[in-house]
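Asks: Structure below; questions to follow.
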Amino acid sequence: MATFALIHGGGSTGWDWHLVAPHLERAGHEAVAVDLPTERSDAELSDYVRTVVEAVGTRDHVIVVGHSLGGFTAPLAAEALEADGLVFFSAMIPQPGETFMEWWTNTGHDRESIDDDPEVSFYNGVPRELADEARRRERDQQGAWLSKPWPGDRLPAIPTIGIVCTDDNFFPAPFMRRVVRERLRSEPVEVPGGHYAALTHPAELAGALDRFARGIDRAPMERGA
């Protein structure tokens, strides 16, 4: 079974995954939810990657999952961990040399109509108590890396999927489907829920991750058949 390295989005914490992790564990996997050095103004992506690598430790059969802004960290962490798989979960999929700010225009997100109210764009469908707790845990997203080109020279040559949330108001499903197809050259995997589907549909998200892991496990056997 797999070890899932779960990377949160901008200004958030590993708490975002607290409902998903038990489902993964019941399926026989291990879940490592990482807290990135979000509030460090001098932090580089190398610091984020180091944090993920240290949290995973010596665990093997790693699948790295990045949510939202965590998509900039996930492929670099996957390379460093020599991971078996990579998942972009409603995530920013970077290209070599692309900055955080360039991503929005390069993907066409700047042409999307996004509600300014986070209750609508981020927390749609999230129960009040969970949304309140998520807001209480919010951190100020800093980082020197945000203004610098993404340092990867490519995405890792490992099994990779992009998960689209069908009710996402921040990364709308039609937008995200197109980005996944263009940047991953694959069809997206879809789960119900908004941008915080990890809080509203944890079982469905964990199920998609479990199926991905089991598909990776089957692939070597199929190739050797």
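Asks: Filter region 31-78 down to residues that are closer than 22 Å to LEU205 by Cα and among the polar types (S, T, N, Q) and give me whichever is farthest from the chain's Cα centre (by Cα).
Replies: Step by step, filter region 31-78, then rank; the result is THR73.
Asks: I'd like the full set of residues that are in a helix (DSSP H, G or I) and of a type in the set (A, V, I, L, M, F, W, C), limited to region 24-46.
Replies: LEU24, LEU45
Asks: For region 76-104, enumerate the residues that are small (Gly, Ala, Ser) and either surrounded by 20 or more Cβ atoms within 10 Å (Cβ to Cβ) or outside any loop (DSSP other than H, G, I, E, B) (or both).
Replies: Across region 76-104, the qualifying residues are ALA77, ALA78, ALA80, ALA83, GLY85, SER90, ALA91.
Asks: Among the numbered conditions (1) without any contact (Cβ under 8 Å) to a residue 40 or more places away in the chain; (2) under 29 Å from GLY97 (Cα atoms); (3) not hydrophobic (A, V, I, L, M, F, W, C), tell me where ARG139 comes up short.
Replies: Failed condition: (1).
Asks: Inspect all residues belonging to region 47-67 and state whether any of them is free of Cβ contacts under 8 Å to residues at least 24 places away in the same chain, closer than 19 Å to PHE175 by Cβ and not in a strand (DSSP E or B).
Replies: No; the residues of region 47-67 include none that is free of Cβ contacts under 8 Å to residues at least 24 places away in the same chain, closer than 19 Å to PHE175 by Cβ and not in a strand (DSSP E or B).
Asks: Just give me the residues in region 105-141 being buried (at least 16 other Cβ atoms within 10 Å of the Cβ), of a type outside the set (A, V, I, L, M) and not in a helix (DSSP H, G or I), in sequence order.
Replies: THR107, PHE122, TYR123, ASN124, GLY125, listed by residue number.
Per-residue answers, yes or no, for (1) under 15 Å from ALA91 (Cα atoms); (2) among the β-branched types (Val, Ile, Thr):
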position	(1), (2)
GLU133	no, no
THR166	yes, yes
MET176	yes, no
VAL191	yes, yes
TYR196	yes, no
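Asks: Taking region 143-171 on its own, how many of its residues are surrounded by fewer than 20 Cβ atoms within 10 Å (Cβ to Cβ), under 18 Å from the mean Cα position of the chain (by Cα) and over 18 Å from ALA77 (Cα atoms)?
Replies: So the count comes out to 2.
Asks: Looking at the structure I just gave you, is THR73 of a type in the set (Val, Ile, Thr), surrounded by 18 or more Cβ atoms within 10 Å (Cβ to Cβ) and closer than 16 Å to ARG139 by Cβ?
Replies: yes
A short reminder: the numbers here are calculations on the coordinates, not readings from a lab. Computed from a prediction, not measured in an experiment: that's the story for all the values here. Backbone-built Cβ (ideal geometry, glycine too); neighbour counts: all protein chains shown.
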